[in-house]
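Heads up: the structure comes next, in structure tokens.
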Amino acid sequence: MMNYSDGYYFGWGWFLWVAFIFLMFSSFGNWGYSYRAHRKFDSLSQKDAAAILNERYAAGKLTREQYLEMKSDIAAA
């Protein structure tokens, strides 16, 4: 029968707790960083359909008829 009070297993107990606490802090830190990064870049990339349509028309990728038809489709939606 093993006697656990002789100090043989005592050396690994603190190491496991320190590793567990480290992993908890690092995972919360990573979650917070990724949440802030995605929130910052998602807000920059969100454009409404009318803005995209205006950019395409200004760049000359659409004719006036196509522009007016798509603009009326967007307004109806």
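Every number here is computed from the coordinates shown, using simple stated rules; none is lab data. Everything numeric in this text was worked out from a predicted model, so none of it was measured.
Return the sequence-ordered ³J(HN,Hα) values of the range 16-30 in whole Hz as given by the Karplus equation 6.51 cos²θ - 1.76 cosθ + 1.60 applied to θ = phi - 60°, using x for Gly and Pro.
5, 5, 5, 5, 5, 5, 4, 5, 5, 5, 5, 6, 5, x, 5
Read phi for every residue in the range 32-38 and hand back ³J(HN,Hα) as whole Hz from Karplus 6.51 cos²θ - 1.76 cosθ + 1.60, θ = phi - 60°, with x for Gly and Pro.
After applying 6.51 cos²θ - 1.76 cosθ + 1.60, I find x, 5, 5, 5, 5, 5, 5 Hz.
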